[in-house]
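No lab work stands behind these numbers, since they all come straight from the coordinates. In this text the structure is predicted, and so the values were computed from the model without any measurement. Note that we place each Cβ from the backbone using ideal geometry, even for glycine, and neighbour counts take in every protein chain shown.
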Amino acid sequence: ISSTPIVFESRGLHKHFGALHATNDVSIQLYAGEIHGLIGPNGAGKSTLIHQLAGTLRPDQGELFLNGKNITHLKAHERVAAGLARSFQVTNIFDHYTVLENLLLAVQAATGSSLRFWRARDSETELLDKAKQLAMECAIDRHLWSAQARHLPHGEQRKLEFALSLAASPSVMLLDEPMAGMGPDESLRLTELIESMRGKAAMLLVEHDMQAVFRLADRISVLVAGKIIASGTPDEIRHNQDVKNAYLGD
Ligand code: ADP
Ligand code: MG
């Protein structure tokens, strides 16, 4: 894995909320295509970190690099355009549009600037094909493709959110607790979906469901009280004494 390029990196991120040091010198590296788990107790600063990576919260200090480019000063939507997608907990779904219409809009937005080089009819067919392909890849029930998004079962909505954030072919995806509020069956299906997308983008996966994280992650980082206390393979993390003491128990 050491020869795999780093696609996304934070260096020394700090965020204070008054007296609280919510992220304390967080440096994290994502390799191309890896699934990187981020775990830690409630209030450790995981969501605060995700917000800083996505650009919805300004760090007090620190820098971010995406594909070698310094993106520290890019706004959230500019980071999306640069290949950094965020899924779940921020929903991009238009409730009154159908599944395919939602996907079509996302695909269109992603390819916007090249549209004018195509003839209208060809581009429509091509975009629709891409939308259908995403729906298929994300295993959205085919008989729901023409249903309005607001009528989808919860699990199918999650798949649609995932498909929407894939539309721009991001190199990095940030996933903050995708399994939250799901039953065991839905969780398992989403785990399988994320597994099937392995390699398409590097994913930073924040998740409380330890079974899912340890099954999916190539590497895991552990955040406790704003600090990364360990990074390594699932096996290394499972047997790390600091991690056991601070978080996983035993
Ligand atoms: P996690 O996602 O790991 O559960 P959070 O990042 O949500 O943790 O929160 C980390 C700490 O920062 C918590 O103590 C939380 O109360 C605090 N916090 C988060 N956001 C804010 C905010 N906007 N203002 C003040 N404190 C915040
Ligand atoms: Mg959180």
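With an 8 Å cut-off on Cα pairs and a minimum separation of 6 or more residues, tell me the relative contact order of the chain in percent.
Once normalised by length, the contact order is 28 percent.
What does the C-alpha gyration tensor say about the overall shape of segment 131-250? Classify as rounded when a/c is under 1.5, otherwise prolate if a/b is larger than b/c, or oblate.
prolate
Suppose each label sits 7 Å from its Cα in the direction of the beta carbon; what would the HIS208-GLU124 distance come out to in nanometres?
4.7 nm
For an R0 of 30 angstrom, estimate the FRET efficiency from the Cβ-Cβ distance between ALA19 and ASP242 and round to the nearest 0.05.
0.75
Please report, in debye to the nearest 20, how large the charge dipole of the chain is about its Cα centre when each Lys and Arg carries +1 at its beta carbon and each Asp and Glu carries -1 there. Walk me through the intermediate numbers first.
Values: 25 positive and 29 negative charges, 120 e Å.
In total the dipole reaches around 580 debye.
Counting only pairs 8 or more residues apart or on different chains, how many lysine pairs in the chain have their Cα atoms under 14 Å apart?
Final tally of qualifying lysine pairs is 4.
Counting other C-beta atoms within 10 Å, which of ASP176, ASP25 has the fewest, and how do the rest follow?
Exposure proxy ranking, most exposed first: ASP25, ASP176.
Within the P(r) computed for segment 121-173, what percentage of the Cα pairs occupies the region above 19 Å?
Values: 396 of 1378 pairs.
Summing the P(r) tail past 19 Å for segment 121-173 gives 29 percent.
Per residue and in cubic angstrom, what volume does the convex hull of the Cα atoms of the chain have?
Cα convex hull per residue, to the nearest whole number: 135 Å³.
Please say if segment 36-101 is rounded, prolate or oblate, where rounded means a/c under 1.5 for a ≥ b ≥ c the square roots of the C-alpha gyration tensor eigenvalues, and otherwise the choice is prolate for a/b larger than b/c and oblate otherwise?
oblate
Is the shape of segment 1-79 rounded, prolate or oblate, going by the alpha carbon gyration tensor and its root eigenvalues a ≥ b ≥ c, with a/c under 1.5 for rounded and a/b larger than b/c for prolate?
oblate
Using Cβ counts within 10 Å as a stand-in for footprinting exposure, how do ARG198, ARG11 rank, fewest first?
ARG198, ARG11
List residues of segment 1-39, by number, whose backbone nitrogen lies under 12 Å from a label position 7 Å along Cα→C-beta of ASN67.
From segment 1-39, the list is 7-8.
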